[in-house]
Ligand code: SD4
């Protein structure tokens, strides 16, 4: 398919889901007490870890990281690394589906309880994008590094060059190229981005998100997942949220920041996720029936919530030594 056709189809269809140096950039806030949220009920058992989708190995790794006495930041990084290394996860890290030109490009970000954050976009040839994002946060004066600069920084930080395109991803891409159809596919099979939020025993919250984005995306396309405020947001006074699904729609509504701000206004994590999804579906001309978006959120008390447009989104949780995966409530109830 000619690039122009691809662009046209993508915009008509809504695009399918083939599915710090400490930072001065993320401003430190004066502490704001939201009595409505903080004082209203007892805290849930801490620590806890939640993640998008069904990722028991990742949440287990994050929990074990806590058990070793490490931080919530370590927990989310280690948890996300499990999926980045899993060759069967074709939406994250090594083994991920390439863009339409055959290049595997990764987007990732991380945020700590002090409001510091780091991000990499369009990163190639490095499995653990989340660890590079953490290095951007901790070792540079910047928030975001892209493309060749991010890759160069990764090598200078000790990461090794790897070929992330596996034989099976290459084969699938070659099959896709025969027709080069970029159709909306809303099924669960095509979503595997991991977004993870962890609350330590003191109630301090960190988050991370890592993905290869959409399979067979246009070369150069970047989604919501590395964008602080869209794919991920942490406000240690209030809570945190992370998104999965069609990143374009998440970016247009600054979704994760919105969820956290709704919690600041007094909504529970569940109510906040629902409202953020409603903002997407209620936009004029929204073709939400053709794409999936899901949010998970946690507040300062350790209460959690999740919600999506279509059914089959789920949230993994590790709490009280127990791993669970729960189907999320969703907007389109008439779906079979
Ligand atoms: C993106 N939000 O790049 C990501 C895709 C995703 O599960 O979450 N897939 O738009």
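Taking every pair of Cα atoms in the range 121-250, average 1/r, invert it to obtain the Kirkwood radius, and report Rg/Rh to two decimals. Rg/Rh: 0.99. Each part reduced to its alpha carbon centroid, the range 260-301 and the range 73-148 end up 24 Å apart. Note on the range 40-330: Rg/Rh from C-alpha atoms, Kirkwood Rh, equals 0.95.
Overall form of the range 178-336: prolate. Here a/c, set by the Cα gyration tensor axes a ≥ b ≥ c, is 1.5 or more, and a/b is the larger of a/b and b/c. Listed by Cβ neighbour count within 10 Å, with the fewest neighbours leading, 233, 313 appear as 313, 233.
Here, each number is a calculation from the coordinates, and none is a lab measurement. Not measured: the values here are computed from a predicted model. Quick reminder, even Gly has a Cβ in these numbers, built from the backbone with ideal geometry, and neighbours come from all protein chains shown.
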